[in-house]
1. Select from the range B:237-257 the residues that are of a type in the set (Gly, Ala, Ser) and at pLDDT below 95 and write down the one among them that is farthest from B:His25 (Cα to Cα).
2. Which of the residues spanning the range A:172-225 are among the basic types (Lys, Arg) and over 35 Å from the mean Cα position of the chain (by Cα)?
3. Any idea which of B:Glu263, B:Glu255 is surrounded by fewer than 18 Cβ atoms within 10 Å (Cβ to Cβ), within 20 Å of B:Phe23 (Cα to Cα) and within 14 Å of chain A (Cβ to nearest Cβ)?
4. Any residue at all in the range A:35-42 that's in a loop (DSSP other than H, G, I, E, B) and within 14 Å of another protein chain (Cβ to nearest Cβ)?
5. Could you run through the range A:3-40 and say how many residues are touching a strand residue (DSSP E or B) at 6+ places or on another chain (Cβ under 7 Å) and among the hydroxyl-bearing types (Ser, Thr, Tyr)?
6. Take the residues of the range B:103-140 that are of a type in the set (A, V, I, L, M) and part of a helix (DSSP H, G or I): which is farthest from the other protein chains (Cβ to nearest Cβ)?
7. Return yes or no: is A:Val177 away from chain B (no Cβ under 14 Å) and either surrounded by 11 or more Cβ atoms within 10 Å (Cβ to Cβ) or farther than 30 Å from B:His253 by Cα (or both)?
8. Of the numbered conditions (1) in a loop (DSSP other than H, G, I, E, B); (2) within 14 Å of chain A (Cβ to nearest Cβ); (3) touching a Phe, Trp or Tyr at 6+ places or on another chain (Cβ under 8 Å), B:His247 satisfies every one except a single condition; which is it?
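The values are calculated or read from the model by the stated rules, or taken from the named source; none is laboratory data. In this text, all values refer to a predicted model and were calculated from it rather than measured experimentally. No Cβ is skipped: glycine too gets one built from the backbone with ideal geometry, and neighbour counts run over all protein chains shown.
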Amino acid sequence: MDELLNTAPCGFLAFADDGTILTVNATLLGWLGYDGGELLGRHVESVLPPAGRIFYQTHFFPLLKLHGRAEEVYLSLRSGGGDDVAVLVNAARVERGGAAVNDCVFVPMRQRRRFEDELLAAKREAEEANRIKDELIEELSTPVITVVDGVLLGPIIGSLNRERADLMTGALLRAVVERRARVVILDVTGARTMDADIVQHLSRAAAAVRLMGAGCVLTGISAGVARTLVRVGADLTGIEVRRTLADGLGFAMRAAGAGRHSRQR
Amino acid sequence: MSEDILKRNNVKVTGRGTRPMLFAHGFGCDQHMWRFVTPAFEDDYRIVLFDYVGAGQSDLRAWDAAKYSSLGGYTQDVLDVCKALRLNDVIFVGHSVSSVVGLLASIREPRRFARLVLVGPSPCYFNDPPDYRGGFERADIDGLLDLMEKNYIGWANFLAPTVMKNPERPELARELEESFCSTDPLIARRFAEATFLSDNRRDLPKVRVPSLIMQCSEDAIAPAEVGDYLSRHLPGSTLRVLGATGHCPHMSHPEETVRVIKEYLAAEAVS
């Protein structure tokens, strides 16, 4: 073998399609603790731990055979002493002596692997924390409060995306049925932003409530929100609007009370 | 509906024959694994290739963690493809875990399949002492999952499964450069778990369709003892040991693979 390649600061190994090792350079032999010709003629799987053998068969060799190359593949090589050496592999399929040969270059990954392990662990922790946070937000984001018998209050707090709006509408409608509501108050005093999308979500929620036979009151509308509602041409037909929650409550309780009276008659 | 399946599973139909030959890839890569084998059958058969959901160029939006965490999901894909193309009298060719998928599919719809060709099959990959040697311990499988996580081949998303969370935003479904062989930590990982952690030995006696067991020499993933076990417990099976070594004879030794399958099918035609 070419002396430059033999002692280059990288491992080199060439194997045939049936896995037979054809060439190994001195550098790689040194890392793996083998002498001279010890690896020649053996199967490439003999320098791979069990997990690596599966990966070689299911990913590495198919990639090579079909793409003609494999790049930045992470593998562990098994040394003669049984230790594992983490490496990054670049491989290319070439023709030599009338047959296909797979040339591989190895670069050790010891430091990077430690860093990657920590990164992966941190990523998993963050994913778990996010999951818990999302669950909590879901729980907190759809309270439906019974003010008095027949009057429900759905406070909108924070920002409203489609997912939350769907959850809220669902919770409201369930509550309308379960608690036999006559009026639902949607209070947006605590809503952080009010754009066209949110207004659409709200008007859909209100429409759904009305379809269930309950009245709907929208309260807590600021001047800015009022301007937005007008600008986007929000359809608030059939929906009572009151500036403050107090006004809305007053209206709702009168409407619910009147309903009760009419039922009693 | 059937058009959706054809698109969902990236189904490709070729060949000039009428008898359907359905090729199912195993864990790791996609239908391209069969590239060196299918041409030999194109004159006489109708060749059907597909990708399981989550592999190759299948529609990732159809992927579901629960469904594809067990082999039942992959079995359903096979049956869906058969139904969409109205296939009958199918010669099913399955590699590795797809061998078991084929067995399971034939148990559910025995009349649809004429023959099962099992390339490198194993009903259970882990060791079950004292009598059964599948070849692997749990630690080895964990090692594989770890290895996959440190390879970034054909990942659908780097940091978060945004494609799955936003089905109404198809622009997020990127074309994967190397989708051929994915180590995606979400999708491929589930396939790995479904493959290597399942034990289907008890399903073997239920199989009614005749099968060919293609056992490779020196296959670390489906060793010779497993081929023997299968030939003893799989009714109607024929065992052929190949000279080919390794686990993917259809890639590493395609000529022998083609020859053995053709010999088996010819013998079947006679009987």
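1. B:Gly243
2. Scanning the range A:172-225 gives A:Arg179, A:Arg180, A:Arg182, A:Arg210.
3. B:Glu255
4. Yes, that holds for at least one residue.
5. Residues in the range A:3-40 being touching a strand residue (DSSP E or B) at 6+ places or on another chain (Cβ under 7 Å) and among the hydroxyl-bearing types (Ser, Thr, Tyr): 3 in total.
6. B:Ile107
7. So A:Val177 fits the description; yes.
8. Of the numbered conditions (1) in a loop (DSSP other than H, G, I, E, B); (2) within 14 Å of chain A (Cβ to nearest Cβ); (3) touching a Phe, Trp or Tyr at 6+ places or on another chain (Cβ under 8 Å), the odd one out for B:His247 is (3).
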